[in-house]
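Take a look at the structure below.
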Amino acid sequence: MNTDQFIAKSTLKFVETASFTWQTPSNIALVKYWGKSNPQIPKNASISFTLNNCHTITRVDFIRKEKSDEVVFNLFFEGKQKDEFKPKIAEFFKRVQSYCPYILEYEMTINSENSFPHSSGIASSASGLSAIAMCLMSLEKELNPNLSVDKIHKKASFLARLGSGSASRSIEGPLVVWGNHPEIEGSSDLFGIQFPYKVHPFFENYQDVILLVDKGEKQVSSTIGHNLMHKHPFAENRFLQANENLSKMSKILQEGNSKDFINLVESEALTLHAMMLTSNPYFILMKPNTLEIINKVWEYRQENSSNICFTLDAGANVHVLFPENEKENILQFIDNQLSKYCQKNHYICDTVGFGAKRL
Ligand code: DP6
């Protein structure tokens, strides 16, 4: 795989100080990424809806200094110095420094905040790392004004991936594919691309309500979960199935078949958790209320001939997906019947979004 294309050209311009602010979203996978090899190469292709309201806003201030061997940065989260978040970001910078050698010539100060509550169980790594990646690319654009928007998006996704796989899908929207797939033109293991085919209007402005069943720290991190796929007895079949599911999903998205969409999305969510249940060591991230909600969603769908469905991340929270024309009824259903299964009755209403925004 040709990664040389992502090494920054020796810089043309001299920039003493610079400051950039980006807002980048979270995303929710429809076909899931679970299993990877080094360096952050997915075992199968995945596709996600980019979200709109769940996002991170990050400002990075760059001050030029003598070139050093290690990246120098300060980190503030919601106004407070956050040393506990530093190792993950330091690791990210280590992985990207050969592609962005200019970061060794700057002291960086990162100020970040999330639109969703910090301890909501919503993974902030996708939005957090994609925001930093966009700030780095803004500096690179100042240093090398010839960079095209296309190249900036591609490289930002490439960099974000090195921090967290799913972050590669948080640069663009409304649908992003990450991972090489024979039927998706331009797809790559190295970066996410916008789904390259015309999407049926049924999926326009699709809704995602995130039910916060458990806001606590997960017992098993995604990184550990991915690693457990290495010796997993069902891994090879799972990777094949996921790629087949992406072929099916591509057709569904273009043709607008809602029943097939529901079936595939829910099956992907349950398969992800089945991989966790059948890992060794095995683990369960769903909670009793996750199952209560799933059953209620199924009941509601049956009784109302609705297109409501659910998906899950690597956690207990439930993403409830539905088309915009059912919004009023489903929001009422959620408020009346599902919010009681959420911690402090909390849930977040979101819609499909269009990716990173410079502020
Ligand atoms: C279940 O992207 O969080 O959300 O690459 O180790 O940072 P790392 O993992 P991460 O894994 C996300 C897994 C998932 C499915 C998905 O988003 O496709």
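The values are calculated or read from the model by the stated rules, or taken from the named source; none is laboratory data. Bear in mind the structure is a predicted one, so any value in this text is a computation, not a measurement. Don't worry about glycine lacking a Cβ; one is built from the backbone with ideal geometry, like all the others, and counts go over all protein chains shown.
Got a sec? Which helices (runs of 4 or more DSSP H) wholly within region 196-281 have at least 2 residues that are of a type in the set (D, E)?
Details: elements: 222-227, 235-255, 258-277.
Where helices (runs of 4 or more DSSP H) fall fully within region 196-281 and carry at least 2 residues being of a type in the set (D, E), they are 235-255, 258-277.
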* **Residues (within 16 Å of the ligand (Cβ to nearest atom) and of a type outside the set (V, I, T)) located in region 292-313** => F310, L312, D313
* Among the residues of region 330-350, write down those that are surrounded by 17 or more Cβ atoms within 10 Å (Cβ to Cβ) and out of contact with any helix residue (DSSP H, G or I) (no Cβ under 7 Å at 6 or more places or on another chain). => I330, I334, C342, Q343, I348, D350
* Structure fact -> Scanning region 327-343 residue by residue, those part of a helix (DSSP H, G or I) and in contact (Cβ under 8 Å) with a residue 24 or more places away in the chain turn out to be K327, N329, I330, L331, F333, I334, Q337, L338, S339, Y341, Q343
* Asked: Any residue in region 252-269 that is among the acidic types (D, E), within 30 Å of R59 (Cβ to Cβ) and either modelled with pLDDT of 95 or more or surrounded by 21 or more Cβ atoms within 10 Å (Cβ to Cβ) (or both)?
  -> no
* Pairs where the first residue, in region 235-261, is closer than 20 Å to L321 by Cβ and the second is at pLDDT below 95 and small (G, A, S), C-beta under 7 Å, 6+ apart -> none
* To do: Kindly establish whether A18 is surrounded by 24 or more Cβ atoms within 10 Å (Cβ to Cβ) and either part of a loop (DSSP other than H, G, I, E, B) or in contact with a Leu (Cβ under 9 Å, 6 or more places away or on another chain) (or both).
  => no
* Search region 282-311 for residues being under 21 Å from the mean Cα position of the chain (by Cα) and in a loop (DSSP other than H, G, I, E, B), and hand back the single one that is nearest to W34 (Cα to Cα). => L285
* To do: Name the one entry in R64, R59 that is away from the ligand (no atom under 14 Å from the Cβ) and surrounded by 17 or more Cβ atoms within 10 Å (Cβ to Cβ).
  => R59
* Asked: Out of all the residues in region 240-251, which are surrounded by fewer than 18 Cβ atoms within 10 Å (Cβ to Cβ) and within 15 Å of the ligand (Cβ to nearest atom)?
  -> Q241
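Between F116, F85, which is assigned by TED's automatic domain parsing to the domain that holds H55 and under 22 Å from T50 (Cα atoms)? Even if it seems obvious, please write down each step before you answer.
Working: F85 fails: under 22 Å from T50 (Cα atoms).
After applying the criteria, what remains is F116.
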* So, in region 190-221, of the ones that are of a type in the set (G, A, S) and within 14 Å of the ligand (Cβ to nearest atom), which residue ends up modelled with the highest pLDDT? -> G192
* **Matching residues in region 1-50 - criterion: being within 16 Å of the ligand (Cβ to nearest atom) and closer than 28 Å to N74 by Cα** => T24, P25, S26, N27, N38, P39, Q40
